[in-house]
Amino acid sequence: MAGTVRDNAFWDEAYRQLASPTRNAWLIENWGVPSLDYPLYDMALVIGPDDKSLLHYRYGKPMDGRPSEYFDSSFARLVERARSPDSLQGDVHAAFIGTADGLALIGAARIRPFLQGISPPDPYVLIFGKYLDSKALNETARKFNLRGLQLTNGRVEGTIAAPLKDVEGNSVGFLSLPSERPGTLSYERVRPLLFGAAAVLLLLIIGIGMIGLLSVRSLAREEARARQNSLHDHLTGVLNRPGLAEYVEHLAIRDGQRSAGMGLYLVDIDGFKAINDLWGQQVGDKLLRAVAARLTKNLPLGSAISRLDGDAFAIVAWTNASENAAHWLSAVSEVFAEPFTIGRHEIEIGVSIGVAEAVLAGASFHHLLQQAEMALHQAKHGSGDTTVVFSPDLEAQLSEQGKLERQLIEALDRRELKVAFQPVVDACSGDICGVEALARWNSQAGPISPEVFIPVAERAGLIGMLGSQILEEAIAQGSRWSELQIAVNVSPLQLRNRYFAGGLKATLDEFAFEPHRLTIELTEGVLISNTDQAKRSISELKALGIKVALDDFGSGFASIGSLRQFSFDRVKLDKSLVANIEHDAQAAEVLAATINLVNAIGIPVTVEGIENRYQAEFARQAGCHQLQGYWFSKPLSKEELAKRFLSP
């Protein structure tokens, strides 16, 4: 339960959705509806800072009444503990709590971004619950071969009982198993025979002894099987997180291993959620089994395989002086070099890998795991199929990044980010015809470049909040400038939000801003990351009357075919195309040819990065429609823009 709550509560997307106007729909889709048939929880709740329930679902349907009426009084104390500041470091609180439908195991944690040290502005708590009903008990008994498992109110004579604790540590019930006594059972079986002939007495005694011995051995085997199950992942059969920790700690104290080194490799499957969404959870589960089997079969001796959670695997490798991270990384990479055949599907997967190494004699598994998780976190923010090896520099970098993220959260909470406006002029008349809205952050330590804080916002799941604030301020200000076109750059992460167009329409309506005056600028990366989704999002925007422009054309991989496919209203050429054309004839020819190509398919062209008169005149004569750059104006505050360009 704790692992399930942790995986869902410590999630950048979930934290981002708390600030979204469509958060309720997102909570229902991702946590409420799955409670219908999800094996790990039957109920899902999200409690806000005011103790109001944003989500209250049971078996896939909304629940009537308040949580305080359904749960006993210890539920409120569990929520309070999860909400407390002491829970910001990743604590998950779990306890057995009484409900109107019987006893349930409840797990609770504060929703926050993945990176440690970032505290949400408001304490929202995610709660999952699993009923201890007959179905759950029977499934547990079957899975772990615990015959006769039952829930009792107290200890019952002749049973082994494990207490179930509430929030305060008080017993609210017991899981009880019959305590089979081999000698007594054997005696009951042979008692009718004791009245037989004395000649067989010795044989009966020997039989009793043999039966007792077999029963003891059977109990020992069952105990070993139960321990095996508790340390192994039930889906793949490899070690689970507790099993791997015990394995490492055991080997770390063995004399024969003290001179060895240990490498921990965290392997996360890229795009696993997309595989689940496309082909279903059954295919996803089979893929995880296939990955575990191939790792177990193909990795060299001296390694241990574990599935930590979800699509993340861990590999512990014992190394000597002749082996290093490169040696083992090569072995891991070979495992994923060939596609996996799952039924009729040939699935090629990439992996992100985080690596941490230590001398075994001084190794702490949990410390090493923390380092490997830092490296994996960095690797997952790459372009995919990326490996990062932990180093002290990485730890310092992540610490600095965490500090900047905390400052950005506070700045967004106080709405400290401002909008600067850079004029866009008509190439023929030189008159201002529009502006591009640009995010600016003047922190207490001084200005921070968008090239620094925009990637930080995307990694921390804050780009939706940041983008919404910039769009809102640009539209609010633009509504005061009659007929002036406003362009705003939108990140790929914002565009992937299915509710983006609806939220933008609400903002336009709020400020009575005409949709045709707004242009959303997209970078080339949007076209490649998910073509179908990009088409849908662009179509939704254009249906509202909003224009869509392709930004930075010529700096990457977008082609003329892409311009036709997505029906852009405008193309902005990257500033690299105009740089140095006054000194480089070939660069000038490339710029002119690009403008002609875009004009040939009927799309207006804007050239940005204009820094002198020659560049402006050349672009105009080449057929460019609009110009932008420091030659005309640097980005200005709304007051400076109005004074310089909009005053009568």
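So the values come out like this:
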item	result
In the range 264-275, the residues that are surrounded by 15 or more Cβ atoms within 10 Å (Cβ to Cβ) and either among the charged types (D, E, K, R) or part of a helix (DSSP H, G or I) (or both)	Asp268, Asp270, Phe272, Ile275
Yes/no for Phe632 being assigned to a loop (DSSP other than H, G, I, E, B), among the hydrophobic types (A, V, I, L, M, F, W, C) and buried (at least 20 other Cβ atoms within 10 Å of the Cβ)	no
Matching entry among Ser567, Ser576, Ser637, Ser562 (being surrounded by fewer than 20 Cβ atoms within 10 Å (Cβ to Cβ), under 40 Å from the mean Cα position of the chain (by Cα) and in contact (Cβ under 8 Å) with a residue 60 or more places away in the chain)	Ser637
Matching residues, the range 1-31, being surrounded by fewer than 17 Cβ atoms within 10 Å (Cβ to Cβ) and assigned to a helix (DSSP H, G or I)	Ala2, Gly3, Asp7, Glu13, Asn24, Ala25, Glu29, Asn30
Identity of the residue in the range 617-634, of a type in the set (Gly, Ala, Ser) and in contact (Cβ under 8 Å) with a residue 60 or more places away in the chain, that ends up farthest from Ala420 (Cα to Cα)	Ala619
Residue list for the range 261-285, filter: in contact with a Phe, Trp or Tyr (Cβ under 9 Å, 6 or more places away or on another chain) and either of a type in the set (A, V, I, L, M) or more than 21 Å from His377 (Cβ to Cβ) (or both)	Gly261, Met262, Leu264, Leu266, Val267, Ile269, Gly284
Only one of Leu88, Leu103 that is modelled with pLDDT of 85 or more, surrounded by 14 or more Cβ atoms within 10 Å (Cβ to Cβ) and assigned by TED's automatic domain parsing to the domain that holds Arg23	Leu103
Which numbered condition Ala642 fails, given (1) within 41 Å of the chain's Cα centre (by Cα); (2) under 23 Å from Ser429 (Cα atoms); (3) modelled with pLDDT under 95	(1)
Scan of the range 276-319 for residues that are touching a His at 6+ places or on another chain (Cβ under 8 Å) and assigned to a strand (DSSP E or B), ordered by number	Thr319
Any chance Gly434 is touching a strand residue (DSSP E or B) at 6+ places or on another chain (Cβ under 8 Å) and in the same structural domain as Ala642 (by TED's automatic domain parsing)	yes
Subset of the range 17-41 that is within 19 Å of the chain's Cα centre (by Cα) and hydrophobic (A, V, I, L, M, F, W, C) - its residue that is farthest from Gln282 (Cα to Cα)	Ala19
Residue that is of a type outside the set (Val, Ile, Thr), under 19 Å from Val605 (Cα atoms) and at pLDDT below 95, where the choices are Ala487, Ala558, Ala506	Ala558
Some residue of the range 580-593 being in contact with a strand residue (DSSP E or B) (Cβ under 9 Å, 6 or more places away or on another chain), assigned by TED's automatic domain parsing to the domain that holds Val424, within 30 Å of Gly545 (Cα to Cα) and not basic (Lys, Arg)	no
Count of residues meeting criterion [of a type outside the set (Gly, Ala, Ser), buried (at least 20 other Cβ atoms within 10 Å of the Cβ), under 21 Å from Asp426 (Cα atoms) and touching a Gly at 6+ places or on another chain (Cβ under 7 Å)] in the range 485-516	1
Single condition Glu246 does not satisfy, out of (1) within 28 Å of Glu338 (Cβ to Cβ); (2) at pLDDT 80 or above; (3) assigned to a helix (DSSP H, G or I)	(1)
Candidate set from the range 414-429 (those that are touching a residue at least 12 places away in the same chain (Cβ under 8 Å) and more than 20 Å from Gln477 (Cα to Cα)); member that is surrounded by the most Cβ atoms within 10 Å (Cβ to Cβ)	Ala427
Subset of the range 36-57 [in contact (Cβ under 8 Å) with a residue 40 or more places away in the chain, within 19 Å of Leu132 (Cα to Cα) and surrounded by fewer than 22 Cβ atoms within 10 Å (Cβ to Cβ)]	Leu40
Filter result for Gly343 (more than 30 Å from Pro242 (Cα to Cα), in the same structural domain as Ala314 (by TED's automatic domain parsing) and either exposed (fewer than 13 other Cβ atoms within 10 Å of the Cβ) or not aliphatic (A, V, I, L, M) (or both))	yes
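The values are calculated or read from the model by the stated rules, or taken from the named source; none is laboratory data. Small disclaimer: the values here were computed from a predicted structure and weren't measured. Positions of Cβ are backbone-derived with ideal geometry, glycine not excepted, and every protein chain shown enters the neighbour counts.
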